[in-house]
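*Asks:* Before I ask anything, let me first share the structure, which is written out below as structure tokens.
Just so you know, all these numbers are worked out from the coordinates, no wet-lab data involved. Because the structure is a prediction, the values reported are computed rather than measured. With ideal geometry, Cβ positions are generated from the backbone for all residues, glycine too; neighbour counts draw on all protein chains shown.
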Amino acid sequence: MVGGLAARALHRQGASVALAGRNAERLADLSRLPGDCPRRRFDAYDLDGCAALAPWAARSLGRLDRVVVAVGVAGFGPAESVDEPAAEHLMTVNALAPMAVVRGALTVLEAGGAIGVVTGAVVDAPPRGMADYAAAKTALATWLAVVGREQRARGVRIVDARLPHLEGGFAARAVTGEPPRLPPGADPAAAVERHLLAPLAGAPERPHSVPGAPERPH
């Protein structure tokens, strides 16, 4: 959902967009944007394939200025109830796969380029019952902070987009456990614009955390 919203918004702003995702049906729907956007399927467990996405997009479009990484899956339950396959899945999809995409993007972006990566408000206030999910997102956020400092000298910006809990069913598609009762989520389009697209365009960054909502997954 987040990636699709970002792609449509960037296209409305006049950007040429290359699309990548796991779900072929959603990719086909997004590819109907005017201009017949190039698209490519990938699996988050294929880290080499993740790293190849940005170079593919640069070849397809002729150049690459901005990269949006919105890869993730939720997981719930106390730590002792999360089995090892689920824990590995959460860490791979929420941390290792986005890291691989960013690594690939750094090989093709030049000065002035920017990468926006969705982490979540969970990084600022990890809630009970989400230890593995929060750990993966926090690992990604820490990694992004270091990469951002490393890339500053060459003029490539790294945006850590800590989106709040959104309406849209993300929590209901958890890889393990049942989501807790959550208050109504934020409007997805508005949150994507505020926390991801505006900073990606170079606007002053807003505070990451969401006051009064520390126990909401993104």
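*Asks:* Just need the Rg to Rh number for the range 1-103, please, alpha carbons only, Kirkwood Rh. Walk me through the numbers before you get to the answer.
*Replies:* Numbers: Rg = 15.1 Å, Rh = 14.7 Å.
Reported Rg/Rh, Kirkwood definition of Rh: 1.03.
*Asks:* Then there's this: Check Leu166: other-chain or 5+ apart residues with amide H under 5 Å from its amide H, H built from backbone geometry?
*Replies:* Here Ala186 satisfy the definition.
*Asks:* Would you list Met1, Met91 from fewest to most Cβ contacts within 10 Å?
*Replies:* On the way: Met1 15, Met91 19.
Neighbour counts put them in this order, fewest first: Met1, Met91.
*Asks:* Still on this structure: So what J values fall out for the range 136-153 if you push phi through Karplus, 6.51 cos²θ - 1.76 cosθ + 1.60 with θ = phi - 60°, rounded to Hz, Gly and Pro as x?
*Replies:* Coupling constants for the range 136-153: 5, 5, 5, 4, 4, 4, 5, 4, 4, 4, 5, 4, x, 5, 5, 8, 4, 5 Hz.
*Asks:* Same structure, new question: For the range 2-200, what is the percent of antiparallel DSSP beta bridges, rounded to the nearest 5?
*Replies:* Numbers: 0 of 13 bridges.
The antiparallel fraction comes to roughly 0 percent.
*Asks:* Rounded to two decimals, what is Rg over Rh for the range 2-200 when you use alpha-carbon atoms and the Kirkwood radius?
*Replies:* On the way: Rg = 16.4 Å, Rh = 17.2 Å.
Over the Cα atoms of the range 2-200, Rg/Rh equals 0.95.
*Asks:* Quote the FRET efficiency, to the nearest 0.05, computed for Glu150 versus Met1 with a Förster distance R0 of 22 Å and r equal to the Cβ-Cβ distance. All intermediate terms of the calculation are to be shown ahead of the outcome.
*Replies:* Details: r = 30 Å, r/R0 = 1.38.
FRET efficiency, Glu150 to Met1: 0.15.
*Asks:* How far, in nm, would the chain grow between Glu178 and Ala201 when pulled straight, counting 0.36 nm per residue and subtracting the alpha carbon separation? All intermediate terms of the calculation are to be shown ahead of the outcome.
*Replies:* Values: separation 23, 0.36 × 23 = 8.28 nm, distance 3.62 nm.
Contour length minus the Cα-Cα distance gives 4.7 nm.
*Asks:* Which order results if Arg149, Arg59 are arranged by neighbouring Cβ count within 10 Å, fewest first?
*Replies:* Working: Arg149 10, Arg59 13.
So the ranking, lowest neighbour count to highest, is Arg149, Arg59.
*Asks:* If amide H atoms are built 1.01 Å from N in the plane of the peptide, which residues on other chains or at least 5 residues away come under 5 Å of the amide H of Arg39?
*Replies:* Residues meeting the amide H criterion: Leu19.
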